[in-house]
Each structure stands twice: as C-alpha cells, then as structure tokens.
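Undergrad: Quick one: the structure is below, and I'll ask about it shortly.
The values are calculated or read from the model by the stated rules, or taken from the named source; none is laboratory data. Note that the structure is predicted; figures quoted are calculated from it, not measured. Using ideal geometry, Cβ is built from the backbone for each residue, glycine included, and neighbour counts are taken over all protein chains shown.
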Amino acid sequence: MNDTYAGRTITRDGQLLLEKAEKDRVETVWDRFENQLPQCGYCEMGLSCRICVMGPCRIDPFGEGPQKGVCGADADIIVARNLCRMIAAGAASHSDHGRDLIEVLDEVAKGKAAGYRIRDAEKLKRVASEYGISSDGKDDLKIAEQLAYAMQEDFGTRKKALTLLRRAPAKRRQVWDKLGIAPRGIDRETAEMMHRTHMGVDNNWQSLLLQALRNALSDGWGGSMIATELSDILFGTPKPATTAVNVGVLKKDQVNIIVHGHNPVVSEMVLLACRSEDLLQLAASKGAAGINLAGVCCTGNELLMRSGVAMAGNHLTTELVLTTGAVDMMIVDYQCIMPSLGTVAACYHTRMVSTSDKARFPGMEHREFHPDNAAEEARALVKEAIENFTNRGEVYIPVEPVNAVGGFSVETILGALGGTPQPLIDALKSGTIRGAVGIVGCNNPRIRQDFGHVTLAKRLIENDILVVDTGCAAVATAKAGFKASDAAQMAGPGLRGICSALGIPPVLHMGSCVDNVRILVLASALANALGTDISDLPIAGAAPEWYSEKAVAIGAYFVASGVYTVLGPMPPVTGSMNVVKLLTEGLQDVVGATFSVEPDPEKAALAIRRHIEEKRRGLGLPAQKV
Ligand code: BF8
Ligand code: SF4
C-alpha cells in the first residue's frame with residue numbers, strides 16, 4: 001500500500017479507494033487540500049477581514065506592518081468578529097434545518113404531507129406539554145398544529161427566553177441569566193450576531209464573544225433541539241438496532257442508493273420508497289437482488305439511528321464511495337456536500353440528484369422535494385436508480401462491512417438503566433465509570449481520517465470513561481469496531497462490566513450533529529439527579545477532526561452549557577492572544593468551562609482524563625492521579 005494513502009486515512013476502505021481514485025484519475029479532497037498549501041497565514045490566524053469594502057484588511061502578526069484595518073479595527077476585534085460570524089453561520093445552518101422540520105409537522109397537521117405522519121405520538125404530547133400545550137381532548141394532528149406554531153415563535157422576537165431552556169439545570173439557567181446570554185429568539189440571536197459584526201457596531205471583543213455564546217445556545221437549546229425532537233416525533237425515537245458500516249455495505253448484486261446530507265425529511269421518504277413492494281419487483285425485473293439504501297454523513301446517521309440503515313462512510317469518504325462504481329444514484333439534501341461530487345460521479349455511471357430548494361451543486365440534476373410531493377418524488381427517483389443499475393461498469397467494493405449497534409437516544413439510554421439515571425450515577429459515584437465524554441464532529445484533511453476520533457475513543461474507554469458520539473465521529477468509531485456487539489471487550493474493567501451487563505457497546509451512537517442536543521439533555525438529567533450544574537459533572541466534549549462552522553457552534557454551546565471541550569484543529573483565533581486566553585482560560589470564571597486545543601489525540605485523552613478526575617474530586621468522589 002502506498003504510504004500516501006495510509007497517511008491520509010486510517011481506514012482500509014479509504015486507502016484502497018484512494019488507490020482506485022488515482023487509477024481512475026479522480027481528484028479528491030486530499031489532492032485539493034495539498035494544492036492549497038501553504039494556506040493563507042493571515043486567514044489561519046483570523047487576522048484578515050473582508051467585512052466591508054474599505055477593506056479587505058489584514059493585521060501583521062509580527063507587529064511590523066499594519067496593526068489596524070482601514071476602519072481602525074485591531075487584531076482582537078477582527079479575530080473576534082470572524083469567530084462570531086462562523087458561529088452565526090453554524091447556528092443558522094442547524095436552526096434552518098430545524099425550521100424545515102417544523103414546516104413538515106405543520107403540513108402533516110394540515111393533511112398536506114402525504115407519506116409523513118406522526119410516528120411517536122407519546123413524544124409529541126410530552127414535547128407539546130413543555131410548550132404549555134395541553135393534549136386533553138385533542139387528536140394528534142391538532143396537537144401537532146399547535147406545537148408547530150409554538151415552535152415557530154421560538155424562532156422569532158416575541159419571547160424573552162427559548163422554551164426548551166427550561167430543560168437545563170436551574171443553576172445553569174442562573175449563569176446564563178446573570179451574564180445576559182439566555183437566548184431569546186433563534187433567528188434573533190443570529191441576526192443580532194450579524195448586526196453586531198457589521199462595521200461600526202460592536203467593537204468590544206468580549207461583548208462580541210458573549211453574544212456568540214448566546215447565539216450558539218440558541219442553536220443547542222433551540223434550533224438543533226427542535227430539529228431532533230421533531231425528527232423523533234415524525235420518524236420515531238431511536239432504539240438500538242444492529243447495522244453495518246463502511247464502503248463494504250454496498251452490494252454488487254443490488255441497486256445501491258446513497259443518501260447524503262442532513263435532513264431526514266428527504267431520506268426518510270427515499271427509505272419508504274426503497275421498501276415498497278412494486279419497486280422491489282421492478283428491481284428484480286432488472287436482475288437486481290434488491291434495493292440497498294445506505295447513508296453517508298448525518299442524514300445517514302438519522303436513518304441508522306431510527307431504522308438501522310447501513311452507513312457507507314463519513315465526510316472524507318463521500319467522494320471515495322463513488323469511485324466504487326457501485327452507486328446507482330446519490331441523493332443529496334444540504335450541508336457538508338462537497339461541490340466536487342458531481343465531477344467525481346461523472347467518471348462513473350452514478351446519477352447525482354439534489355433535492356433542496358436551498359442547495360444546488362454542479363453536475364447534479366435538481367429535483368425539488370417539498371412535504372407535499374416528497375413521497376412521490378422519492379418513488380420516482382428510486383425507480384430511476386433501478387433503471388440505472390443496468391448501466392453499471394466495473395464495480396470495486398474492496399472490504400467487508402463492520403457490524404455496529406446504533407440508536408441510543410436519551411430515552412433508550414435511560415430505559416436501559418431502568419427509567420432513571422440513578423444506575424449511571426451510582427457507577428460514576430463508585431468510580432466503576434469515571435466519567436463520560438461526547439466525541440463529535442467531522443473529518444478534516446488536515447488530520448489522518450478517523451485517527452483523532454478512534455485514538456481518543458480507544459484511550460477513553462480503556463480508562464473506564466463512557467463515550468457517546470455523533471456525526472462523523474460516530475461513523476469513525478463504528479468503522480473501527482467500537483460499536484460492535486462484542487466491543488465491550490475493548491473497555492477497561494469497570495466500563496466493560498457495565499456494558500456487558502446491559503448488552504451495550506462502550507461507545508454509544510447518539511445520532512447526527514443536530515442530535516448533539518441529546519448529549520445536553522442527558523447531561524442535564526445527570527446534573528439534575530445530582531442537584532448540581534452541568535459544569536460540575538465529570539464529563540467533557542471533544543471534536544478531534546472538526547472542519548465546519550456548525551462544529552464551532554456546537555463547541556460553543558457545549559462550553560456555554562458548562563462542558564469542557566477539546567478541539568483537534570486550531571480555530572482561526574491565534575491572531576489575538578486576548579481571544580485565545582478568553583476561550584481557553586477566561587471562560588472558566590464566566591461559564592464554568594473552557595475550550596482547549598490539542599491536535600494529538602493521545603494528549604487530548606490525557607487532558608480529558610485529568611479534567612474528569614478533577615471534577616470527581618470537586619464532587620467529593622474517589623479520584624485518581626492521571
Ligand atoms: O453535521 S460531523 S462533516 S456531516 S458538520 Fe458535516 Fe461535520 Fe460530518 Fe454532519 Ni456535523
Ligand atoms: Fe477593513 Fe474594517 Fe472593513 Fe474589516 S470592517 S474590511 S477591518 S475596514
């Protein structure tokens with residue numbers, strides 16, 4: 001095996017498909033990354049500004065050239081504004097996804113969304129009651145209509161605080177109130193963030209960053225939380241199910257359809273179509289043994305969590321999966337979809353289809369999905385994918401899939417524990433489990449694919465730290481076998497005993513990136529049961545390979561919620577030592593948690609273990625020296 005491939009990814013399927021890509025002269029994300037080197041140092045440090053057209057401006061980090069932009073903004077202001085705008089974009093992306101689900105719920109309530117229905121009526125009632133909506137004497141559709149309306153109000157300007165903030169422990173809410181960062185409206189905080197970062201508005205780097213925390217909280221406890229809750233209501237609350245992961249999930253003798261993107265609104269309808277009898281018969285008539293639906297990225301995670309649909313890969317696998325020549329159609333919605341995919345697909349027979357009115361891509365056919373036509377459109381596309389099966393050329397599926405268990409919603413985890421967090425708390429108290437860590441986020445060509453996620457997860461579970469993960473991190477650890485039915489063997493003795501007794505893996509798949517809110521809800525349940533704040537718990541977050549603006553928003557709402565969070569790649573902030581110090585030290589006194597940056601996952605594991613032992617000490621629990 002060529003060393004270059006092994007340097008790019010730790011995954012066997014990735015390495016073999018990189019070889020295939022080179023043979024087929026397909027350019028990948030790694031090639032383009034190398035073509036960009038060296039990347040702009042000013043931008044890497046956050047020291048360039050193009051907010052207005054008196055600029056673009058840049059600050060000389062060596063102190064010899066300009067120290068102010070044309071308007072007079074210094075390094076602190078420019079770095080803070082850039083980070084703020086990343087968070088605003090991330091929060092907007094998640095929250096707009098949440099809004100799309102509200103629209104589906106509303107259309108379901110009005111009988112205009114054939115194919116969709118309420119699948120978890122019990123959760124509908126529970127969430128409605130949190131919004132002050134009584135279910136007495138109302139049918140599900142009436143409740144759904146009222147809930148959709150109430151959730152839309154969370155996006156606006158009529159409220160002093162978002163409804164679901166009430167899920168946070170009382171002590172945490174007091175922290176937010178005292179700082180004035182309890183988010184009011186989901187859209188409002190993003191709009192205000194964009195306003196404050198316009199030239200000549202907020203020029204205090206501290207108050208800018210506080211608003212960024214409020215904006216991030218509007219995502220975590222608002223837009224993303226609504227997205228997750230409504231996805232559960234509309235498509236079912238996840239329960240553990242066995243599935244398979246890596247490129248080996250593609251099947252040579254079946255029609256292979258890949259869904260890519262984030263919103264289950266599209267992929268759930270594709271799944272329905274793939275399971276319909278007449279289309280299965282059509283596939284058989286074309287010589288296919290079946291219709292094989294698999295996911296990549298977060299829409300894949302959504303289907304994996306709820307229906308055990310197989311997962312072909314994470315972010316950096318999205319191009320490579322096409323080089324198998326086995327994908328008859330890839331259907332995308334939005335977010336994290338590389339604009340290169342159409343070009344890659346053009347080398348094979350794969351048909352590429354975009355579906356969202358807000359996301360178009362070169363080399364893709366556009367077939368717009370709306371709640372009222374989605375079921376029908378999905379059927380039409382699956383039919384066309386079947387027709388395309390006969391156009392296949394050579395197929396190369398170089399590996400066997402790995403088995404994995406997914407589907408760990410908070411409801412499932414608490415259910416496995418007998419309905420309360422008490423057994424988990426007892427295990428934490430005794431030290432059988434030392435703590436819990438959420439590993440989240442992406443792949444990034446700066447880091448060998450999956451190396452950060454897998455190394456960190458391995459070290460944590462070996463040391464009796466329960467790992468929950470989401471997004472592309474969750475796919476990475478699944479590919480590495482940490483979610484297999486016998487994965488408890490990889491854990492330290494305490495965690496192994498508990499996982500074996502409960503029949504669960506030591507790394508629990510909690511879903512897509514919007515599902516990071518499940519981690520907030522679980523942390524709140526633990527904090528409430530202990531009568532304490534999230535920031536006192538022996539827990540941490542990590543994003544070892546993050547790349548996206550959404551990941552920055554997630555990191556910021558984790559920290560603002562009191563969760564110490566370790567980032568792999570450095571965010572573009574090193575141009576301002578003031579901003580760096582605030583994020584890595586100063587926030588401790590403000591929100592009781594900080595960011596840390598550590599690209600080496602071995603060192604990140606040590607930092608997290610030390611943090612967990614320190615928190616244990618703080619709670620008066622037995623602690624170890626790390
Ligand atoms: O929302 S983990 S690369 S796919 S941003 Fe994207 Fe990152 Fe993957 Fe999911 Ni999340
Ligand atoms: Fe330059 Fe100021 Fe305009 Fe930014 S806002 S581009 S620093 S003049």
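Rundown of residues vs (1) under 21 Å from L83 (Cα atoms); (2) touching a Phe, Trp or Tyr at 6+ places or on another chain (Cβ under 9 Å); (3) within 15 Å of ligand 2 (Cβ to nearest atom); (4) modelled with pLDDT of 95 or more, yes/no style:
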site: N2; (1), (2), (3), (4): no, no, no, no
site: D13; (1), (2), (3), (4): no, no, no, yes
site: L18; (1), (2), (3), (4): no, yes, no, yes
site: D24; (1), (2), (3), (4): no, yes, no, yes
site: Q36; (1), (2), (3), (4): no, no, no, yes
site: S48; (1), (2), (3), (4): yes, yes, yes, yes
site: I59; (1), (2), (3), (4): yes, yes, yes, yes
site: C71; (1), (2), (3), (4): yes, no, yes, yes
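Undergrad: Any residue that is more than 16 Å from ligand 1 (Cβ to nearest atom) and either in contact with a Cys (Cβ under 6 Å, 6 or more places away or on another chain) or in a strand (DSSP E or B) (or both) - is there at least one of those in the range 117-124?
TA: We begin by selecting, within the range 117-124, every residue more than 16 Å from ligand 1 (Cβ to nearest atom); these are 117-124.
Narrowing further to those that are either in contact with a Cys (Cβ under 6 Å, 6 or more places away or on another chain) or in a strand (DSSP E or B) (or both): none.
The answer is no; no qualifying residue exists.
Undergrad: Can I ask one more? List the helices (runs of 4 or more DSSP H) inside the range 263-349, counting only whole elements, that have at least 3 residues being out of contact with any strand residue (DSSP E or B) (no Cβ under 7 Å at 6 or more places or on another chain) and more than 16 Å from ligand 1 (Cβ to nearest atom).
TA: Because the criterion is at least 3 residues that are out of contact with any strand residue (DSSP E or B) (no Cβ under 7 Å at 6 or more places or on another chain) and more than 16 Å from ligand 1 (Cβ to nearest atom), the helices (runs of 4 or more DSSP H) in the range 263-349 that meet it are 264-274, 277-285.
Undergrad: Could you list, in sequence order, all residues of the range 402-420 that are crowded, with 21+ Cβ neighbours inside 10 Å, in a loop (DSSP other than H, G, I, E, B) and not hydrophobic (A, V, I, L, M, F, W, C)?
TA: G407, S409
Undergrad: Suppose we filter P38, P61, P66 for residues that are in contact (Cβ under 8 Å) with a residue 12 or more places away in the chain and over 30 Å from E377 (Cβ atoms); which single one remains? First the steps, then the outcome.
TA: Numbers: P38 fails: in contact (Cβ under 8 Å) with a residue 12 or more places away in the chain; P66 fails: in contact (Cβ under 8 Å) with a residue 12 or more places away in the chain.
Sole residue among the options that is in contact (Cβ under 8 Å) with a residue 12 or more places away in the chain and over 30 Å from E377 (Cβ atoms): P61.
Undergrad: Here's a follow-up. Quick one: is P264 surrounded by fewer than 23 Cβ atoms within 10 Å (Cβ to Cβ) and away from ligand 2 (no atom under 16 Å from the Cβ)?
TA: Here the answer is no, as P264 does not meet what is asked.
Undergrad: Look through T350, T317, T323 and report the one residue that is buried (at least 21 other Cβ atoms within 10 Å of the Cβ), touching a residue at least 24 places away in the same chain (Cβ under 8 Å) and closer than 29 Å to M510 by Cβ.
TA: Working: T350 fails: closer than 29 Å to M510 by Cβ; T323 fails: closer than 29 Å to M510 by Cβ.
The conditions single out T317.
Undergrad: If K68 satisfies all but one of (1) within 16 Å of ligand 1 (Cβ to nearest atom); (2) part of a loop (DSSP other than H, G, I, E, B), what's the number of the condition it fails?
TA: (1)
Undergrad: Among the residues of the range 179-198, which ones are surrounded by fewer than 18 Cβ atoms within 10 Å (Cβ to Cβ) and closer than 16 Å to A553 by Cα?
TA: Correct list: A191, M194.
Undergrad: Among the residues of the range 612-621, is any away from ligand 2 (no atom under 16 Å from the Cβ), surrounded by 22 or more Cβ atoms within 10 Å (Cβ to Cβ) and either over 25 Å from the mean Cα position of the chain (by Cα) or at pLDDT 95 or above (or both)?
TA: Pass one, the range 612-621, residues away from ligand 2 (no atom under 16 Å from the Cβ): 612-621.
Among the residues that remain, those that are also surrounded by 22 or more Cβ atoms within 10 Å (Cβ to Cβ) are: 612.
Now drop any that are not either over 25 Å from the mean Cα position of the chain (by Cα) or at pLDDT 95 or above (or both), which leaves 612.
Checking the range 612-621: at least one residue is away from ligand 2 (no atom under 16 Å from the Cβ), surrounded by 22 or more Cβ atoms within 10 Å (Cβ to Cβ) and either over 25 Å from the mean Cα position of the chain (by Cα) or at pLDDT 95 or above (or both).
Undergrad: Go through (1) at pLDDT below 95; (2) within 16 Å of ligand 2 (Cβ to nearest atom); (3) of a type in the set (A, V, I, L, M, F, W, C) one by one and return the number of the condition A114 breaks.
TA: Among (1) at pLDDT below 95; (2) within 16 Å of ligand 2 (Cβ to nearest atom); (3) of a type in the set (A, V, I, L, M, F, W, C), the lone unmet condition for A114 is (2).
Undergrad: Then there's this: Scan the range 164-178 and tell me whether some residue there is among the small types (G, A, S), surrounded by fewer than 24 Cβ atoms within 10 Å (Cβ to Cβ) and either away from ligand 1 (no atom under 16 Å from the Cβ) or part of a helix (DSSP H, G or I) (or both). I'd like the intermediate steps shown before the answer.
TA: Within the range 164-178, the subset among the small types (G, A, S) is 168, 170.
Narrowing further to those that are surrounded by fewer than 24 Cβ atoms within 10 Å (Cβ to Cβ): 170.
Narrowing the set further to residues that are either away from ligand 1 (no atom under 16 Å from the Cβ) or part of a helix (DSSP H, G or I) (or both) leaves 170.
The answer is yes, given that some residue of the range 164-178 is among the small types (G, A, S), surrounded by fewer than 24 Cβ atoms within 10 Å (Cβ to Cβ) and either away from ligand 1 (no atom under 16 Å from the Cβ) or part of a helix (DSSP H, G or I) (or both).
Undergrad: Out of curiosity, is S93 away from ligand 1 (no atom under 16 Å from the Cβ), closer than 30 Å to M194 by Cα and hydroxyl-bearing (S, T, Y)?
TA: No.
Undergrad: Those residues that are farther than 26 Å from G431 by Cβ and of a type in the set (D, E, K, R), I need them from the range 503-557; list them, please.
TA: D515, E545, E549, K550
Undergrad: Would you point out which residue out of R459, R446 is within 25 Å of the chain's Cα centre (by Cα), part of a loop (DSSP other than H, G, I, E, B) and surrounded by fewer than 23 Cβ atoms within 10 Å (Cβ to Cβ)?
TA: The unique qualifying residue is R446.
Undergrad: Could I ask something else about it? Suppose we filter the range 466-513 for residues that are part of a loop (DSSP other than H, G, I, E, B) and surrounded by fewer than 24 Cβ atoms within 10 Å (Cβ to Cβ); how many remain?
TA: Qualifying residue count for the region: 7.
Undergrad: For the range 52-63, does any single residue satisfy the condition of being closer than 29 Å to D333 by Cα, surrounded by fewer than 18 Cβ atoms within 10 Å (Cβ to Cβ) and over 24 Å from the mean Cα position of the chain (by Cα)?
TA: So far as the range 52-63 goes, no, none of its residues is closer than 29 Å to D333 by Cα, surrounded by fewer than 18 Cβ atoms within 10 Å (Cβ to Cβ) and over 24 Å from the mean Cα position of the chain (by Cα).
Undergrad: Let me ask you something else. Just wondering, is there one or more residues in the range 514-536 that are buried (at least 21 other Cβ atoms within 10 Å of the Cβ), more than 16 Å from ligand 1 (Cβ to nearest atom), part of a loop (DSSP other than H, G, I, E, B) and of a type in the set (V, I, T)?
TA: No, every residue in the range 514-536 fails to be buried (at least 21 other Cβ atoms within 10 Å of the Cβ), more than 16 Å from ligand 1 (Cβ to nearest atom), part of a loop (DSSP other than H, G, I, E, B) and of a type in the set (V, I, T).
Undergrad: Let me ask something additional. Where the second residue is of a type in the set (A, V, I, L, M) and surrounded by fewer than 19 Cβ atoms within 10 Å (Cβ to Cβ) and the first is over 17 Å from E192 (Cα atoms) and lies in the range 151-163, which pairs have Cβ atoms under 9 Å and are six or more apart or on separate chains?
TA: Listed by first residue and then by second, the contacts come to T163/A150.
Undergrad: Now for a different question. Condition test on G592, is it surrounded by fewer than 23 Cβ atoms within 10 Å (Cβ to Cβ), on the phi > 0 side of the Ramachandran plot and at pLDDT 95 or above? Before you say what the answer is, go through the steps one by one.
TA: On the way: surrounded by fewer than 23 Cβ atoms within 10 Å (Cβ to Cβ): yes; on the phi > 0 side of the Ramachandran plot: yes; at pLDDT 95 or above: yes.
Yes; evaluated as a whole, the condition is true for this residue.
Undergrad: Say we look at the range 443-492 and pick out the residues that are farther than 18 Å from N403 by Cα and acidic (D, E); which of these is nearest to ligand 1 (Cβ to nearest atom)?
TA: E462
Undergrad: Counting only residues that are polar (S, T, N, Q), give me the helices (runs of 4 or more DSSP H) lying completely in the range 553-626 with at least 1 of them.
TA: By residue number, 577-581, 587-591.
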